[in-house]
Amino acid sequence: MAGFQSLPGFRDFYPEDFSRRQHIFSVWRQAASAFGFQEYDAPVLEPLELYQAKSGDEIEAQLFSFKDKGGREVSLRPEMTPSVCRMVGAKAGALKRPIKWFSVAEYYRYERAQKGRLRAFHQLNADIFGEPSPEAEIELIALLIQCLAGFGLTRDDFLIRLSDRDLWFFYLEALGFNEAQARALLVAIDRHEKMGDDAFKGYAEGHGALPAGSKDKILAFLKIKSLDQLEAALATFKSGKLAARLADWRKVLAGVSAMGLADFIAVDLAVVRGLAYYTGFVFEAYDRRGDLRALAGGGRYNDLVKKLGGPDLPAVGFAMGDVTTGLLLAQRGLTPNFISAPDIYAILGGKVERLVALADIHALRAAGFRVEYPFKDLAFGKQFKAAAESGAKLALIYGSEELTKGVVKIRDMAGRAQREVPRDQVVALVRDLLSGH
Ligand code: HAM
């Protein structure tokens, strides 16, 4: 088999990698269920059309798409949002509101290889449907924070940058942009951080996205870093819509502060998100040192359920990736050192004792304990060494002497205390001993 390798951007999960991945998933699942979200899943292969003109040009260019044997144009899912909109849309009338759903699943994008970006990766997706008020944003931002804080990460490790596509459109319209120019500019702004100011101006002009005289105003707007600055920048515009929008901003920030999470959040209008469907608040989570790609991203997308054939249903949500999260945990020494230790290691005298022990071993496993024993007949000394190396909490010793007496010896591997128990009481005693561990 020499010479075969996994495809670029796809990972093998050896047991140690797999347990790290399970740790990430279990922290996510724990946080999502504490917030009352219900878990779901969707197909990994979808009609290509689901993503065309919905996710945005960047994702569309990265699709793993092909024609199936029935001639259908299909694609591996690059993200969950269109699928979950279809699912919720199809049953919206029957679902109790607010609809709070989450999933942990794998996605596929034909990305250029770079640190933190792969071609197959996992995401936690958490979305709320049917709630137009900023209460939904507060809930999701708090959940996003908990999904990272659950690993032991703190406000010194990561932050959420909050922005608003609604306000951008409002501002750009006021500067004389038409809708197409505004959309093109937001795509350029999404790349601004990678390009720097000068390259950004050149790019935006080249794409017909900068009407004369607007350059410096836009650069100033995208550097806004607080609600006060935002209100000052918009003070000259009098509009009911704008006032309502700023009231929503205050609600979100007040809600997040009331939860004690103010230090995790920064106003940052440079975030606009690369996906096409966002309509209002958008946010992204980053590591504080800023040397990793985004940990998570999301926002409000009030039109997508309807665009995909469902009812008019407001929605907001985010996705967090396992790749950057795993890199951050490793950087901060927060990757647990997993040894997958058994509860019990059985030490067997010889062939006769082995057969007797197998009955107990199976009974203990059926009762839910993790039990290991040597496949080969080995000297006691070697077996004790193997028991110690396995990290087992208890050793069960089946020697010929014990069997004649109808007992088993149980040794606490940490304390070394040892006692004999009648064989018919082994399961009950093990349960007692391990309940304290
Ligand atoms: P996204 O920003 O494309 O949003 O992805 C969210 C997160 O998934 C990223 O911040 C990153 O951690 C991870 N991710 C994305 N692409 C890759 C990749 N190639 N390799 C490794 N990790 C990656 C969405 O997917 C939206 N559908 C999120 C959403 C849910 N919006 C509303 N609900």
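Ordering 314-324, 254-264, 72-82 by mean Cβ neighbour count within 10 Å, with the highest value first, yields 314-324, 72-82, 254-264. As a size descriptor, the averaged projected area of the C-alpha convex hull of the stretch 140-298 was calculated at 9.4 nm².
Principal axis extents of the C-alpha atoms in the stretch 96-233 (largest first, rounded to whole Å): 47, 39, 33. Based on Cα contacts under 8 Å between residues 6+ apart, the stretch 315-437 shows a relative contact order of 24 percent. Rounded to the nearest 20, the Cβ-based charge dipole of the chain about its Cα centre (Lys and Arg +1, Asp and Glu -1) stands at 580 debye.
A straight Cα-to-Cα reach below 16 Å connects Lys115 with the aspartates and glutamates Asp287, Asp291, Asp322, residues fewer than 8 places away in its own chain not being considered. Extent of the stretch 221-302 along its three principal axes (Cα atoms, max minus min coordinate, largest first): 40, 32, 24 Å. Volume per residue for the stretch 15-331 equals 149 cubic angstrom (convex hull of Cα atoms).
The listed peptides 113-121, 386-394, ordered by packing as a protection proxy, come out as 386-394, 113-121 (highest mean of other Cβ atoms within 10 Å first). Computed on the chain, with alpha-carbon pairs under 8 angstrom and 6+ residues apart, the relative contact order is 16 percent.
Which order do peptides 134-143, 175-184 fall in by mean Cβ count within 10 Å, highest first?
Highest-to-lowest ranking by the protection proxy: 134-143, 175-184.
Once the stretch 344-435 is represented by equal point scatterers at the alpha-carbon sites, with solvent omitted, what log10 I(q)/I(0) does the Debye formula produce at q = 0.13, 0.15, 0.19 Å⁻¹? Results for the stretch 344-435 at q = 0.13, 0.15, 0.19 Å⁻¹ read -0.36, -0.49, -0.82. Checking the Cα-Cα distances for Lys201/Lys307; Lys215/Lys307; Lys217/Lys307; Lys217/Lys241; Lys225/Lys251; Lys100/Lys251 against a 27 Å cut-off, the pairs over it are Lys201/Lys307; Lys215/Lys307; Lys217/Lys307.
In this structure the chain gives 49 Å² per residue of accessible area when probed at 1.4 Å with all protein chains present.
The values are calculated or read from the model by the stated rules, or taken from the named source; none is laboratory data. It should be emphasised that the depicted structure is a prediction, and the values quoted were computed from it without experimental measurement. Virtual Cβ from ideal backbone geometry, glycine too; neighbours counted across all protein chains shown. Ligands, DNA and RNA are excluded from the accessible area calculation, which covers all protein heavy atoms including side chains. Shrake-Rupley method; radii C 1.70, N 1.55, O 1.52, S 1.80 Å.
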